[in-house]
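The values are calculated or read from the model by the stated rules, or taken from the named source; none is laboratory data. The shown structure was predicted, so the numbers you read here are calculated from the model rather than taken from an experiment. Here the Cβ positions follow ideal geometry from the backbone for every residue, glycine too, while neighbour counts run over all protein chains shown.
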């Protein structure tokens, strides 16, 4: 299906609609239904199982009751009490995602992953071999269904943000009578961009949240077309220079960003939401070690070091503070990150109760550029030289690569059920009801 032709020009856009946005349909739920086919046709919700859990994904049957991703699990249960609630399995979703991304890569090397379940593809270079972008989109959907048993929706356009909007038009829709199939592929044809775009509500644009929407509505803006007819100065005066310039450009379908296959990370972090607020500093210090161990491991795996270490603390009332330290060189050692994290935690009054604790590293650079001597960070009580810790962590990395992340780790993380390592995505949807700490 395509947006019908109309007259428009897009500054800086390529002459053909060769950008695809591929979005897997209810990805986490769809993966679970492969394991639980008996649940097909029922409202299914995937997410955190604890009282503080959030919805990761909802089947279209559950969406008909108002359930959506990022919603608190407790609210989802009230809206759809007869739904089947399944705990999220991030490792499984990542495994399937890697195979799906490999399928994308078999069509073009220009793949820019956005998350586990969506990506941009530039297929302009594949036209001679594989056909038109729309034909490529249909072939891609067929291959994913054949190899993985999953469906996806594909938007086709000349620029990235229009391709993403087009994929929304390609998707199935929820209804009280059950899912309504979408076209699967939706193309915004060259020359029809403004006709397609200007009919959409203004909140369809990236960057229009509730506060920005309220300001634009005060200007009489309801659709993207309304916004496009305002002078740039008026938009800037209402929402600010950066946001105003960005939204004014999008309203005229201007998006010069290319598809970028490799994004260097800007930061690496881990967060832990606790099933119950933590009030004891020793318990929180153990969690700092756990987070630092995970962050350091990911830094070394990526061959990166970071200069700015940030501790994030969210209290039971949801107020949040951060404490940061910037060092002269770079750090990738979990041991050193834990020491810095404990020092930053010492500046925080934890008596009110901590709901969430996070540790992150920013200002990343290639590990070869590290200049800091870790001996400068070691206190006399640490009982070892930095070179000793570096060698120890190299050995830990080697053991984990062979036997798994929980095969070896800091002694303070060991317990009756093994070593409590933090895994990427482990708490993406909230904690389990059982306490996760000592």
**Complete:** Checked the stretch 161-185 for anything touching a residue at least 60 places away in the same chain (Cβ under 8 Å), over 24 Å from the mean Cα position of the chain (by Cα) and crowded, with 16+ Cβ neighbours inside 10 Å; matches are 179
**Prompt:** Hey, does the stretch 12-20 have a residue that's more than 17 Å from the chain's Cα centre (by Cα), over 30 Å from residue 254 (Cα atoms) and at pLDDT 90 or above?
**Reply:** no
**Request:** Please go through the stretch 72-127 and pick out each residue that is assigned to a loop (DSSP other than H, G, I, E, B) and crowded, with 16+ Cβ neighbours inside 10 Å.
**Result:** 80, 83, 88, 89, 108, 110, 116, 117, 123
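Looking only at the stretch 33-51, how many residues end up being part of a loop (DSSP other than H, G, I, E, B) and either without any contact (Cβ under 8 Å) to a residue 24 or more places away in the chain or closer than 11 Å to residue 61 by Cα (or both)? Lay out the reasoning, then the answer.
Of the residues in the stretch 33-51, the ones part of a loop (DSSP other than H, G, I, E, B) are 36, 40-43, 48-51.
Filter once more, so that each one left must be either without any contact (Cβ under 8 Å) to a residue 24 or more places away in the chain or closer than 11 Å to residue 61 by Cα (or both): 40-43.
The total comes to 4.
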**Complete:** Exactly one of 199, 253, 192, 204 is more than 30 Å from residue 356 (Cβ to Cβ), touching a strand residue (DSSP E or B) at 6+ places or on another chain (Cβ under 6 Å) and in contact (Cβ under 8 Å) with a residue 12 or more places away in the chain, and that one is 192
**Test for residue 350: is it outside any helix (DSSP H, G or I) and crowded, with 21+ Cβ neighbours inside 10 Å** = no
**Message:** Being over 19 Å from residue 175 (Cβ atoms) and buried (at least 20 other Cβ atoms within 10 Å of the Cβ) is the filter here; which residues of the stretch 53-71 pass it?
**Reply:** 53, 54, 55, 56
**Request:** Looking only at the stretch 360-373, decide whether some residue is surrounded by 16 or more Cβ atoms within 10 Å (Cβ to Cβ), closer than 19 Å to residue 394 by Cα and over 24 Å from the mean Cα position of the chain (by Cα).
**Result:** yes
**Prompt:** Does residue 229 count as closer than 29 Å to residue 123 by Cα and surrounded by fewer than 18 Cβ atoms within 10 Å (Cβ to Cβ)?
**Reply:** no
**Asked** Is at least one residue of the stretch 138-158 closer than 30 Å to residue 90 by Cβ, modelled with pLDDT of 95 or more, assigned by TED's automatic domain parsing to the domain that holds residue 16 and in a helix (DSSP H, G or I)?
**Response** no
